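The values are calculated or read from the model by the stated rules, or taken from the named source; none is laboratory data. Please read these numbers as outputs of a predicted model, since none were measured by experiment. FYI the Cβ positions are ideal-geometry reconstructions off the backbone, even for glycines, and counts take in every protein chain you see.
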Ligand SMILES: Nc1ncnc2c1ncn2[C@@H]1O[C@H](COP(=O)(O)OP(=O)(O)OP(=O)(O)O)[C@@H](O)[C@H]1O
């Protein structure tokens, strides 16, 4: 299967270490969400993937071969800073870009019509780009990334500033391209959208891939939590749960009728059922369900773990070139 491999990229801008061993892969047919705090290194990685920027070391490979000038023509790229000529007509500009990617004028015209119609800007083909709203310019920018039917799609924040209808159109287009076998990678700060749309997600921080996997894999933890909704007396239930080996419990924050139960590694298999039985012995149980962290929760965990590691390094205790947190290695 074809794979886009980002392999041990390092990049510094003067004293700023933007990428420090950035490594991950995007498989054919998957949508990969690239998330991270501001300044984490997403744009730098994408620019290196496109050859717009040179890495200090490391490589980017597609199908096992290092990306070169020729193979990069088969990549559709949507740069963060956008790259349209404001005073050029939408249709003319897209045909020009398609031509640069080697399409014949007839094929280019057909593709431009198809994509502008699909993205809802077909009636703006005769307008200068600068006359379009920012959201519509962004739709044109996506058309520019798609017009030459690329084998790989790399999109830097394609969803920022789009209205909900445009988000739906863009999401459907990305899913369609992935289903056609194209690896799709995009960066975004809209984590709900990433959670909904992506097959796998990579969370970057300080120029490294800190956690990677499907949302379900990222949620997997050796300390599963459950929410136990009880009629009354949550403290009695907390005490009963804590009496079981390896079980931690506390009243759910902001609630007077619910208990958070956490099973540590020393809890017996199926200990949650023992907790349930213990709670039922105290009164009715209205709900009992696993707590599934959102991508936003997972993201916060990664970022705060990184901040803690930085603080430890600053205090002189830890190796600044620390190893990656647990999730990264386990799920990469
Ligand atoms: N041209 C440049 N010159 C100097 N430093 C730069 C340059 N471009 C990026 N950086 C720095 O490199 C680091 C990574 O930046 P990058 O733009 O890759 O992050 P990002 O994850 O895309 O952030 P954002 O989510 O804000 O777009 C940051 O510390 C940034 O300030």
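Has segment 50-71 got any residue that is crowded, with 19+ Cβ neighbours inside 10 Å and away from the ligand (no atom under 16 Å from the Cβ)? Yes - at least one qualifying residue is present in segment 50-71. The selection criterion, being in contact (Cβ under 8 Å) with a residue 12 or more places away in the chain and at positive phi, does not hold for residue 33. Scanning segment 1-41 for residues that are part of a loop (DSSP other than H, G, I, E, B), in contact with a helix residue (DSSP H, G or I) (Cβ under 7 Å, 6 or more places away or on another chain) and within 15 Å of the ligand (Cβ to nearest atom) gives a single hit, 37.
Scanning segment 72-82 for residues that are within 16 Å of the ligand (Cβ to nearest atom) and either farther than 19 Å from residue 26 by Cα or assigned to a loop (DSSP other than H, G, I, E, B) (or both) yields 79, 80, 81, 82. The test for being more than 23 Å from residue 75 (Cβ to Cβ), modelled with pLDDT of 95 or more and either surrounded by 15 or more Cβ atoms within 10 Å (Cβ to Cβ) or more than 20 Å from the chain's Cα centre (by Cα) (or both) holds for residue 126.
Given the structure, is residue 206 in the same structural domain as residue 9 (by TED's automatic domain parsing) and either modelled with pLDDT of 90 or more or surrounded by 13 or more Cβ atoms within 10 Å (Cβ to Cβ) (or both)? Yes; evaluated as a whole, the condition is true for this residue.
Filtering 165, 152 for residues that are surrounded by 22 or more Cβ atoms within 10 Å (Cβ to Cβ), modelled with pLDDT under 95 and out of contact with any helix residue (DSSP H, G or I) (no Cβ under 7 Å at 6 or more places or on another chain) leaves a single hit, 152.
Scanning segment 83-120 for residues that are part of a strand (DSSP E or B) and exposed (fewer than 15 other Cβ atoms within 10 Å of the Cβ) gives no hits.
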